[in-house]
Every structure is written in structure tokens, then in C-alpha cells.
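*Asks:* My questions will all concern the structure given below.
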Amino acid sequence: MFLPPSSISSYCSSSFLHGPFLFSFFIFLSKTSTFDTVANFAIVEMQSAYLPATTDSIAQALEAKDHAESISLLYRVLENPSSSSEAMHIKEQAILNLTDLLTQEKKAEDLRGLLTQLRPFFSLIPKAKTAKIVRGIMDAVAKIPGTSDLQISLCKEMVEWTRAEKRTFLRQRVEARLAGLLMENEEYSEALMLLSGLIKEVRRLDDKLLLVDIVILESKLHFSLRNLPKAKAALTAARTAANAIYVPPAQQGTIDLQSGILHAEEKDYKTAYSYFFEAFEAFNALEDPRAIFSLKYMLLCKIMVNQADDVASIIASKAGLQYLGPDLDAMKAVADAHSKRSLKSFETALRDYRAQLEEDPIVHRHLSSLYNTLLEQNLCRLIEPYSRVEIVHIAEMIELPVDHVEKKLSQMVLDRKFAGILDQGAGSLIIFDDPKADSIFPATLETVTNVGKVVDSLYVRSSRIMA
């Protein structure tokens, strides 16, 4: 049996010769003299699976009826073997579109596979474009929730590949991202070890822009480890490096935000407020999602310096109205509770806005301190008229559990907030009058000090006479 190539082509292009039918068709033809012709045709058919790297192919993919078909067509564009400048430009566009579609479909593993698949392509384009594409795909993976472990493994893979390919510029940035992910994952020792080596390398290369990013990350890491001196030292190094170059607004906002956090930790809330305000203005202009955190910390500073009444006016301002939502509602509820000195309202706010208050470590730390101060003030005010009072009665007045009130009272007695003892057998608190300070001891100490000065002056005079 003999079939001309034209006939074979028409048969193979027919609708019924696909899948198992096409396979059976080739088995049948393998027994004929036209096998070599069919084999050549199969190669042509396989080559036709590629889509031409043209703008029409991109448009066809984007106009597909669903995302799955669009993704399939874009993969076929990337499989095109052409390496002309125009084809490379089209493939770069296809990568961007494919990344967006996979991100929308939340296919993190597919994005990871795409990075691996594109490695031969990276050898054909400039290193700067490679870095841009790699960082874009890694940013896309970061937008998909619940992918922190995948991001860490992906960064480690890319670090190994960049070492093998000797792409130092890209490796340093991927390592910086990896350190940030390790810090978020609370793997502090590994992140610190990675940063220490990276900082030395970047300082040797004098890449100040990257150095600023890395040193800010080091400051955050030391802050997470509760090492404030090293966190402040790292932030000072970041400011020194930033003063020597032009720093983008987003990076400057990050420096101001970290400065505010460190000053707030030292209870310098007025200075912290000014830094948070600068960070908020920078992030607000860029429409950066970190603006809401800067605004929330601004409101926190106002509450901590007993200016809770200013919170409502800041929220009602033009800038504040853009960020209305649970975060600002939570801070407003705390401010109202603080203004009323109501512990019950305070606890209600903490319970209703747990995600916004307790899950934010910075807000939670300061509000815990504020809650303890507020509780001590209320307890001191309630026990002031009494010399002996039942703990149950105090708990009823303050509307808190008895065991919680008893524990706090015992702590206040040990801290000498007031003079008294707890009679646990009777379940009561006995308050003593404040002991009056005896004025004899300070007067005696002052007399002895003055006598010492007289003796010193007489010694000096006698030394001059003897000389």
C-alpha cells in the first residue's frame, strides 16, 4: 500500500485521527513502505504544536474562553525554538502574562515549575532581564497565601542555580529575600547566619542600595530577638548608607517605620509618632499596603501618651478616611476604653478585634503594658477608701474575675505599689497607712556630708600652711 505525503497529511489533520486513532494509524502504516515518510511527517506535526512567537499569538491566548486555555497557549508560545530578538521580546511578554494568570489561579507549584523550565531561556537573555523575571515570578508566588514553605525552598533552589551560573547580583537579592522569609518563619539563627555573610560580601562590593535593605532586615531580626542595642546599631548603619545615595521613597518609609518601632519600644512615643507619620506619608503616596500599619501605630502612640481624644480626629481626616476598616475601628475602640478608664471596654475591644490587636506583636506588646497600667490605676482608686476589703467585692466593682484580681493585687503588694497584705484565708485585702518618712535620718545624713566638706577644706588650708 502506498500513500502520498499529501494524503497522509490530509488524514492526519482530519478530526478523527487524534489520540489512540492516530497511534493505530501509525502502527498500520509502519507495515507499509511509506513509514519513513510518515515519520518525517510526525516530526512536522510535532513542530506545529508550537505557536509562533508573535503578538497575534499573545492576543489569541489572552482572548481564550478561560484561564486554562490561555495558560496552555502561552506555554506553547514559550516552547517556540526561535531565538530572534523579536521572538525573545514576545516570549518575555508571554512570561509576564503567564505569571499573572497562574497567580490568579493560585498555582504556586506551576510558578515554581515555570522558573525551572525557563532556565535555558535565561541563558539567551541579558542578566538584568533574567533578574527582573525571576524576582517578578517570586513576587507572584509571595502573593499566594500559605506558600511560605514553598517560597523558602524556591529561594534555596534559586540560590544554588545562581551560584552554579555565577550570577552574583541575582544571588545576593535572592539570599536577602530568603533571610526575610526565614525571619517570618521564626528561624532566626539561620537567618542571622545568612545575613552576616551577605552583609560582608555586599560591603566589599559597595552596593549601598542593597546594603540598606539588608541592614534594615538585620535590624528587624535583632528586634525580633529582643536585642535592642544591636537593632539600633543596624538601623544607624542603614541610615548612614542611605545618606550616601538616593533612596527610593518606599525604602525611606521602611527606615522611618523601623525607627518608629524602636523609639516606641523605648517608651519615646512622641518621637515614634513623628517617624510613623513620615512613614505613613511615604506609603500613602505610593499606595503601599504598609500605610495602614503606619497609621495604626500613629494612633497607638497617641493612646500611649494619654491623648486618646486625638484618635477620632486623625481617623476623620482626609488621609484617615481612605483606610477605614477593622484596623482603625480596633484602635478607636481602645482609645474610647482608655478615655473612659474602663477595663471592661478594654477587654471587650481586645476580644472583638483579636486579629487586629493581639496578632500584631508590636500593638499587642504596648497594649499589654497599657492594660497593666490601667488595671493598677483602677485598683488603687478602688481600694483607697478601705483599710480592709474583700477581694470578691473589688472584683465585682471592677467587673473582672476574682482570681485575676487577686493575682494582680499580690503582684502590686510585692512591687510596693501600696502597703498591705492579702489574707487568703478570709479572702480579703488589708491595707496599711503609708508609713511616714522619718526626717531625722535625712537631716543626719546632710549634717555628716557638711562636716565632711568642712574637714576637706581644713585639710587643704593646713596643706598650704605646711608648704
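The values are calculated or read from the model by the stated rules, or taken from the named source; none is laboratory data. Since the model is a prediction, treat every value here as computed from it, not as a measurement. We place every Cβ from the backbone using ideal geometry, glycine too, and count neighbours over all the protein chains shown. Heavy atoms of the whole protein, side chains included, go into the accessibility calculation; ligands, DNA and RNA do not. Shrake-Rupley method; radii C 1.70, N 1.55, O 1.52, S 1.80 Å.
*Asks:* What does the extension gain come out to for residue 129 and residue 347, with contour length at 0.36 nm per residue minus their alpha carbon separation?
*Replies:* 73.2 nm
*Asks:* Identify all lysines with a Cα-Cα distance to residue 436 below 27 Å; exclude those on the same chain that are fewer than 8 residues away in sequence.
*Replies:* 408, 417
*Asks:* Within straight cross-link reach of residue 156, meaning Cα distance under 16 Å, which lysines are found once same-chain residues fewer than 8 apart are removed?
*Replies:* Of all the lysines, those that pass the test against residue 156 - Cα under 16 Å, at least 8 places apart if same chain - are 166.
*Asks:* Lysines within cross-link reach of residue 65: Cα-Cα under 20 Å, excluding same-chain residues under 8 positions apart?
*Replies:* 106, 107
*Asks:* OK, next. I need the chymotrypsin sites (Phe, Trp or Tyr not before Pro) found in segment 175-255, filtered to DSSP loop residues with at most 12 other beta carbons within 10 Å of theirs.
*Replies:* 246
*Asks:* Round to the nearest 10 and give me the degree value, 0 to 90, for the angle of helix 168-184's Cα axis relative to the longest principal axis of the chain.
*Replies:* 50 degrees
*Asks:* Rounded to the nearest Å, what's the spacing between the alpha carbon centres of segment 318-342 and segment 190-213? Just the number, please.
*Replies:* Their Cα centres are 39 Å away from one another.
*Asks:* Provide the FRET efficiency to the nearest 0.05 for the residue 274-residue 444 pair, computing r from the beta carbons and using R0 = 35 Å.
*Replies:* Result of the calculation: an efficiency of 0.15.
*Asks:* Could you look at the chain and say what percent of its accessible area is carbon and sulfur, using a 1.4 Å probe and all protein chains?
*Replies:* Carbon and sulfur together cover 55 percent of it.
*Asks:* With r defined as the distance between the Cβ atoms of residue 153 and residue 209 and R0 fixed at 25 Å, what FRET efficiency is calculated, to the nearest 0.05?
*Replies:* My answer for the efficiency is 0.35.
*Asks:* When ligands, DNA and RNA are left out and all protein chains stay put, how many square angstrom of accessible area per residue does the chain have with a 1.4 Å probe?
*Replies:* In whole numbers, the chain has 56 Å² accessible per residue.
*Asks:* To the nearest 10 degrees, how steep is helix 343-352 against the longest Cα principal axis of the chain, on a 0 to 90 scale?
*Replies:* Tilt relative to the chain: about 10 degrees.
*Asks:* Right, next: Over the chain, what number does the Rg to Rh ratio reach, with both radii from the alpha-carbon atoms and Rh per Kirkwood?
*Replies:* 1.22
*Asks:* Express in nm, to one decimal, how much length is gained between residue 358 and residue 60 on full extension, taking 0.36 nm for each residue of separation and deducting their alpha carbon distance.
*Replies:* Here the segment from residue 358 to residue 60 would lengthen by 102.4 nm.
*Asks:* Something else about it: Starting from the Cα-Cα distance between residue 116 and residue 82, subtract it from 0.36 nm times their residue separation and give me the gain in nm to one decimal.
*Replies:* Fully extending the segment from residue 116 to residue 82 adds 10.3 nm.
*Asks:* Give me the angle, in degrees from 0 to 90, between the Cα long axis of helix 269-286 and the longest principal axis of the Cα atoms of the chain, rounded to the nearest 10.
*Replies:* Between helix and principal axis, roughly 20 degrees.
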